[in-house]
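One structure is given below, encoded as structure tokens.
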Amino acid sequence: MAQAKKVVRHCSKKPTPYLKYLLEHKYLDRARNHVAHLYYEDQCLVYDLGAGRNRNTTYLAEQGFNVVPLDMAPQGDVLPWIAGRDRICEKSRGASLVLCQYLLMFLTKAERVQLYLEIDRVAAFGGFLLVELEDVKSGHRVSLKEIKDWFISVKGERSLTPRQLAARNGLWRTVHERDTKHLLMQKST
Ligand SMILES: C[S@@+](CC[C@H](N)C(=O)[O-])C[C@H]1O[C@@H](n2cnc3c(N)ncnc32)[C@H](O)[C@@H]1O
């Protein structure tokens with residue numbers, strides 16, 4: 001189980017263009033300014049799930065976000081964590097933003113559902129979820145529709161057991177969507 005801690009690490013890789021776009025066009029200002037200070041050391045808490053080489057962690061840390069990177073193959077300050085199996089953090093902490101970029105295709109449906117539950121659990125009310133997808137030959141097919149159905153519509157709830165349903169904190173809405181691969185959602189306040 002991953003223990004959240006502050007990490008600031010630098011790497012030369014650029015962030016994903018979609019993350020940069022959302023930040024530059026102020027879609028994430030609410031995550032930066034409003035949600036976070038209520039919950040975590042006066043800084044906005046971000047989980048970077050499947051952080052890889054930390055390109056997005058590094059970028060957001062430079063922008064003043066408090067980012068916790070997690071990955072099954074941790075390098076440097078990245079915390080060890082298995083998506084679809086482990087909890088994102090021990091205690092329920094309100095994350096202003098959860099990054100889930102180029103990770104879901106590596107998970108089975110059951111693992112993705114476990115991860116969706118975890119994201120819903122750790123996200124603060126008013127917090128954001130950023131998803132980026134890619135078709136990978138050896139991976140699973142994942143659509144934005146599946147994600148939206150799970151987080152937003154009642155369809156997703158059909159796949160949950162009553163216990164999982166009770167564990168869900170709140171409903172989400174789509175804030176921004178681009179083509180079929182990029183999505184920003186926000187948990188209801
Ligand atoms: C394509 S990379 C994306 C890295 C980063 N999100 C980015 O956008 O640069 C996918 C990452 O997901 C991680 N990963 C794959 N399956 C995972 C799992 N089950 N649990 C945790 N991490 C996983 C890999 O180790 C890898 O670092």
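The values are calculated or read from the model by the stated rules, or taken from the named source; none is laboratory data. Small disclaimer: the values here were computed from a predicted structure and weren't measured. Cβ placement follows ideal geometry from the backbone for every residue including glycine, while neighbour counts extend to all protein chains displayed.
Candidates are the residues of the range 45-75 that are part of a loop (DSSP other than H, G, I, E, B), more than 12 Å from the ligand (Cβ to nearest atom) and over 15 Å from the mean Cα position of the chain (by Cα); the one that is surrounded by the most Cβ atoms within 10 Å (Cβ to Cβ) is GLN63. Listed by first and then second residue, the pairs linking a residue in the range 100-114 that is within 8 Å of the ligand (Cβ to nearest atom) and at pLDDT 95 or above to a residue that is of a type in the set (Ser, Thr, Tyr) and not in a helix (DSSP H, G or I), with Cβ atoms under 6 Å apart and 6 or more places separating them unless they lie on different chains, are GLN101/THR16. Taking the range 81-97 as the range and being of a type outside the set (Gly, Ala, Ser), away from the ligand (no atom under 12 Å from the Cβ) and modelled with pLDDT of 85 or more as the test, the residues that pass are ARG87, CYS89, LEU97. Can you tell me how many residues in the range 126-145 are at pLDDT below 95 and among the β-branched types (Val, Ile, Thr)? Total meeting the criteria: 1. Do you know which residues across the range 117-132 are in a helix (DSSP H, G or I) and either basic (Lys, Arg) or more than 11 Å from the chain's Cα centre (by Cα) (or both)? Selection gives LEU117, ARG121.
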